[in-house]
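See below for the structure under consideration.
The values are calculated or read from the model by the stated rules, or taken from the named source; none is laboratory data. What you are looking at is a predicted structure, and each value in this text was computed from that prediction instead of being measured. Backbone-built Cβ (ideal geometry, glycine too); neighbour counts: all protein chains shown. Ligands, DNA and RNA are excluded from the accessible area calculation, which covers all protein heavy atoms including side chains. Shrake-Rupley method; radii C 1.70, N 1.55, O 1.52, S 1.80 Å.
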Amino acid sequence: MIENVGLALGGGGAKGISHVIVLEALEELGLKPSFVSGTSIGALIGAMYCAGMPTNEMKEIFLEFSLKENESLKHIVTRKHIFKWLDFIAPQIRGRGLVRVENLLTYLFESVHATNFSELETPLQVVASDFWNRQQVIIEHGPLIPAIRASMSLPGLFEPVKINDQVLIDGGAVNPVPFDTLPKSCDLTIAIDVIGERTVSEQIPSLSEAVFNTYQIMQKSIIREKLAISSPDIYFEPNLTNLRVLEFYRAGEIFRTAEITKDQLKNKIDNWLNEHSKKIR
């Protein structure tokens with residue numbers, strides 16, 4: 001009998017919206033994570049879920065800023081709410097980061113009735129990186145939003161966050177998919193990798209493209225090394241191709257793409273459960 005399910009939600013910017021579809025798949029299978037670990041966007045989605053927010057509500061929040069199927073970016077500026085969204089991601093003239101993440105997080109957490117880890121319905125680990133010590137930092141106590149901000153502080157994009165005298169940056173620098181931090185007591189561990197893929201091209205990338213894609217190359221290397229040492233019971237990668245870090249306006253497309261692979265995840269879980277039940281008979 002499966003009593004404790006551990007779920008690790010990886011980082012990947014806007015691609016992490018697909019974590020909502022993963023949570024839907026678990027609901028449809030009657031599985032509720034008893035423990036969640038998250039990096040970057042995975043920490044954000046994990047906090048929303050652990051605070052008790054329904055998956056349909058999460059969807060509505062992200063779809064509010066999404067392009068509809070037949071729209072392009074020129075359509076989105078005609079909608080009133082996009083001005084709020086542009087304010088969330090507008091470049092800063094001053095400061096140490098290029099993007100104001102505070103406004104976005106404040107908006108996303110408006111409907112989350114938890115401001116502290118102690119208020120969460122499900123235990124959550126948030127993974128960040130200590131900038132100066134170059135080590136993993138796991139946050140499990142204290143205020144939620146500073147921890148999420150720290151976990152999402154992608155270097156050069158978001159400003160680092162100081163917590164307990166530590167300068168923290170994006171958790172993906174040390175642990176892009178934190179399945180190895182889940183408690184050993186979990187009967188079933190599931191890890192979701194949303195780094196995605198890029199189409200092979202002979203084109204020379206732009207500076208920003210080169211920086212962000214190089215970071216993701218490094219993250220994939222970290223994941224391969226971790227998997228070689230120890231792996232979760234189920235490791236899953238939704239089919240996410242050619243999506244960039246801040247393309248949250250493609251939420252509808254991301255949900256549709258993840259929906260296609262939802263049955264693959266459910267089948268993997270079903271197969272594992274069947275094999276597990278045979279072993280314990």
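Is one or more of the residues making up the stretch 262-279 farther than 22 Å from residue 173 by Cβ, in a loop (DSSP other than H, G, I, E, B) and open to solvent by 50 Å² or more (accessible area, probe 1.4 Å)? Looking through the stretch 262-279, none of the residues is farther than 22 Å from residue 173 by Cβ, in a loop (DSSP other than H, G, I, E, B) and open to solvent by 50 Å² or more (accessible area, probe 1.4 Å). When the stretch 214-260 is filtered for residues that are among the acidic types (Asp, Glu) and under 22 Å from residue 200 (Cβ atoms), the ones remaining, listed by number, are 237, 247, 253.
Scan the stretch 180-206 for residues that are hydrophobic (A, V, I, L, M, F, W, C) and within 20 Å of residue 217 (Cβ to Cβ) and the total you get is 6. Do we have residue 159 as closer than 28 Å to residue 261 by Cβ and either open to solvent by 30 Å² or more (accessible area, probe 1.4 Å) or among the aromatic types (Phe, Trp, Tyr) (or both) here? The answer is no for residue 159. Looking at the stretch 207-223, can you tell me whether even one residue there is of a type in the set (S, T, N, Q) and in a loop (DSSP other than H, G, I, E, B)? Looking for residues that are of a type in the set (S, T, N, Q) and in a loop (DSSP other than H, G, I, E, B), one finds none in the stretch 207-223, hence no. Considering the conditions (1) assigned to a strand (DSSP E or B); (2) buried (at least 17 other Cβ atoms within 10 Å of the Cβ); (3) β-branched (Val, Ile, Thr), residue 167 is excluded by exactly one of them, (2). Please determine, by comparing only the residues of the stretch 110-124 that are modelled with pLDDT under 95 and among the β-branched types (Val, Ile, Thr), which one is nearest to residue 164 (Cα to Cα). Restricting to residues being modelled with pLDDT under 95 and among the β-branched types (Val, Ile, Thr), the top hit is 115. On the stretch given as the stretch 112-124, residues that are part of a loop (DSSP other than H, G, I, E, B), within 22 Å of residue 177 (Cβ to Cβ) and either aliphatic (A, V, I, L, M) or open to solvent by 10 Å² or more (accessible area, probe 1.4 Å) (or both) total 2. Which condition number does residue 256 fail, the rest of (1) over 16 Å from residue 10 (Cα atoms); (2) assigned to a loop (DSSP other than H, G, I, E, B) being met? Looking at each condition in turn, residue 256 falls short on (2). Of the residues in the stretch 125-142, none is at pLDDT 95 or above, among the polar types (S, T, N, Q) and assigned to a helix (DSSP H, G or I).
A single member of 63, 31 is over 20 Å from residue 117 (Cβ atoms), among the hydrophobic types (A, V, I, L, M, F, W, C) and over 17 Å from the mean Cα position of the chain (by Cα), and it is 31.
Among the residues making up the stretch 192-228, those that are touching a residue at least 40 places away in the same chain (Cβ under 8 Å), among the β-branched types (Val, Ile, Thr) and either open to solvent by 40 Å² or more (accessible area, probe 1.4 Å) or farther than 15 Å from residue 9 by Cβ (or both) are 199, 211, 222.
Within the stretch 13-28, count every residue that is open to solvent by 10 Å² or more (accessible area, probe 1.4 Å) and either at pLDDT 95 or above or charged (D, E, K, R) (or both). Final tally of qualifying residues: 3. Here the condition is being modelled with pLDDT under 95 and over 17 Å from the mean Cα position of the chain (by Cα); of 201, 231, it holds for 201 alone.
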